[in-house]
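Below is one structure, written out as structure tokens, with a few remarks after it.
Values in this text are rule-based calculations from the coordinates and carry no lab data. These figures come from a predicted structure and were not determined experimentally. Virtual Cβ from ideal backbone geometry, glycine too; neighbours counted across all protein chains shown.
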Amino acid sequence: MPKKKSKFNLNLGKSLGDIKSNMDRDVSKKVLPSAELIQNLSKDFAFVPIQQIEVNPDQPRKNFDATDLNDLKNSIKIHGLIQPITVRRMAEGQYQLISGERRWRASKLAELKEIPAFIRVANDAEMMEMALVENTHRADLNPIEIAITYHRLTNEFNLTHEKLAERVESSRTSVTNYLRLLNLPEVVKISLKDRKISMGHARALLGVDDYAGQVALLNSILEEGLSVRALEKIIKKSKEPKAPKEVAKSSLPADYQNAQDQLSRYLGSKIQLKRDAKSGKGSITINFSNDSDLNRLIELIEE
């Protein structure tokens, strides 16, 4: 006699494919309006044909490491995609990425036909905000990229530092410290972006008032390998009151003094301009601290 089928089926090992099949059957039982269908699916995930998904043109992240993508592709081929991406429905059979472009790219490389995705309802502003906020939680971001993202969020969505801190799950002080990095000289920001100096170095340099001083200290960090503590000591010592000296009055006319100051600010170095009052002839002396600083000055002059 054939065995009776059990009334109970404890299918505890459901795969994503099983869930998809069940979801397809459940949805097919009732034809829902598009908005209601989206709300229903946004509570869970659906399998979306990978070719129906387009990249968000405003996605903050533009570069993807080829080796990292290849490693993820190999993992997806073996284990499948564990974490769903997030998309919004644009039209029938058309979706746009909100987050998960790296996973989407790797899934395409793995030649997946469809991909698990959370389907959200979001307008353009909300979508951009979600993408930017998610961008701040990436482990591979450098401080300048975080600062730029924070700046975009505050400007484009009129967020205060307090509101922004809530969105990115950080403290207001941390948000403010990141945004202050954008006030540093370009050469300092590049060094921080390239991880030649640390966030601690950059924050210490923010305590220096003048551009030339910040650049000079940056060169000392790069040349001498100054620690953050050593840098802070140098800055603190430079701010200690000194015995007053008699300052010789400048013999330069106001226009020439202004030209000297402008050159100093632009080049980030001490400039001395001399001019003979009778003949109008003169000279410009540009100070540099080391070979690296000299190369920097030459590049600026060539530009």
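Apply 1/(1 + (r/R0)^6) to the Cβ-Cβ distance of residue 70 and residue 140, taking R0 = 25 Å, and write down the FRET efficiency to the nearest 0.05.
Computed FRET efficiency for residue 70 and residue 140 comes out at 0.95.
Alpha carbon centre of region 148-167 versus region 79-101: separation in Å?
Computed from Cα coordinates, the inter-centre distance equals 25 Å.
Taking a 26 Å limit on the Cα-Cα distance, which of the listed pairs 73/189; 163/239; 189/239; 233/270 fall beyond it?
Where the Cα-Cα span goes over 26 Å, the pairs concerned are 73/189; 163/239.
Under 5 Å between amide H atoms, partner at least 5 residues away or on a different chain: which partners does residue 54 have, H built in plane at 1.01 Å?
Those qualifying (amide H under 5 Å, at least 5 residues apart or on another chain) are 95, 96, 97.
Specify, per residue and in Å³, the volume enclosed by the convex hull of the alpha carbon atoms belonging to region 254-302. Before the final figure, lay out each step's value.
Values: hull volume 3.6 nm³, N = 49.
With only Cα atoms used, region 254-302 gives 74 Å³ per residue.
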